[in-house]
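Following: one structure in structure tokens, then a few remarks.
Each value in this text was obtained by applying a stated rule to the coordinates, not by laboratory testing. Note that the structure is a prediction, hence the values are computed from the model and not measured. Positions of Cβ are backbone-derived with ideal geometry, glycine not excepted, and every protein chain shown enters the neighbour counts.
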Amino acid sequence: MKKFIQITAVLSLLFVFTAIGVNAQTEVKSFDAKVPFDFNIGSKFYQAGHYTLKINKTATNGLQLTVLDQERNILQSILVADSGDIADAESHLVFNNYNNQRFLSKIKTLNKGIDIFMTKTEKEAARRQTKSKTVASVTGVR
């Protein structure tokens, strides 16, 4: 009987950890974006073009942004924050523009708002800027 309880306990723990692992990267949102200008996400530079953005929940209940190219190759994965700042009518990306150097700062969908953390590269660009920050939106995000 003791052996049965031990086996049942081990199998139960295995089931729980498997369920947690499967839930660790549950996809929240995936969409395609056509960005008509060069931009940065964090410290990584991207040329204008088509990209797929995926927002996943992590095992610690955080959010992860994964950027893929048109061939579905992973270009970058970063941690992001849920902002609650959702889009009013159409999903879109919001960029901070510092002297024509653009940084993705927010992703707004109809049911979720995402903030991208400001990196050292963006902070340096902001410090060098002489005018106030401007924001540009790219629509057509699905």
- Of the residues LEU104, ALA89, THR58, the Cα lying farthest along the dipole of segment 25-138 towards its positive end, which is defined by charges on the beta carbon of Lys, Arg, Asp and Glu, belongs to LEU104
- Would you give the gap between the C-alpha center of segment 70-117 and the C-alpha center of segment 31-49, rounded to a whole Å? 10 Å
- Task: With label points built 7 Å along Cα→Cβ from the Cα atoms of ASN61 and PHE117, find their separation and express it in nm.
- Result: 1.8 nm
- Counting only backbone N atoms under 20 Å from a point 7 Å out along Cα-to-Cβ of ALA126, the residues of segment 80-94 in range are 80-86, 93-94
